[in-house]
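The values are calculated or read from the model by the stated rules, or taken from the named source; none is laboratory data. A quick note: this is a predicted structure, and the numbers were derived from the prediction, not measured. Cβ placement follows ideal geometry from the backbone for every residue including glycine, while neighbour counts extend to all protein chains displayed.
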Amino acid sequence: MTQLTESEIESIENKLRERQQDLLEEVRNELDERENQYLAAMMGNDPGDSCDFSLADVLVDLNIVRVDRQINELREIESKLAQTKKGNMNECIECGKEIGLQRLLAYPTAMRCMSCQERREQMYAHEGHSSL
Ligand SMILES: [Zn+2]
């Protein structure tokens, strides 16, 4: 496995954080005043890396379906950032092979290598067609 350089890791991490901020902004715009205050309180808690709570979980707890898409993407970003922290951001979670820098730059939240991702998509496509 090729080790990513620090600047490569940093640029991918920056992409993730930028996207995270964008999504949070979208979420904030979607929420009404009451929900907004709750969210602001949660986020004001500890904006640093050390906080353990997952914002996506908080949003799910609030049962805010309006921001489903954002929640899903926030989850992906959170799990990618967690993986990044462990130092294996370019490792496929299924086969353990390298994800590849180009793929990570194009899809910073990618958790699987190209072939695992394709297999997975085929599997889902197949499931979609099967009848009970
Ligand atoms: Zn793989």
statement: Of the residues in segment 84-120 that are polar (S, T, N, Q), outside any loop (DSSP other than H, G, I, E, B) and buried (at least 17 other Cβ atoms within 10 Å of the Cβ), the one that is nearest to the ligand (Cβ to nearest atom) is Q117
task: Looking for whichever is out of contact with any Leu (no Cβ under 6 Å at 6 or more places or on another chain), at pLDDT 90 or above and aromatic (F, W, Y) here; the options are Y38, Y107, Y124. Which one fits?
output: Y107
- request: Could you please let me know if K15 is modelled with pLDDT of 90 or more, surrounded by 11 or more Cβ atoms within 10 Å (Cβ to Cβ) and of a type in the set (K, R)?
  value: yes
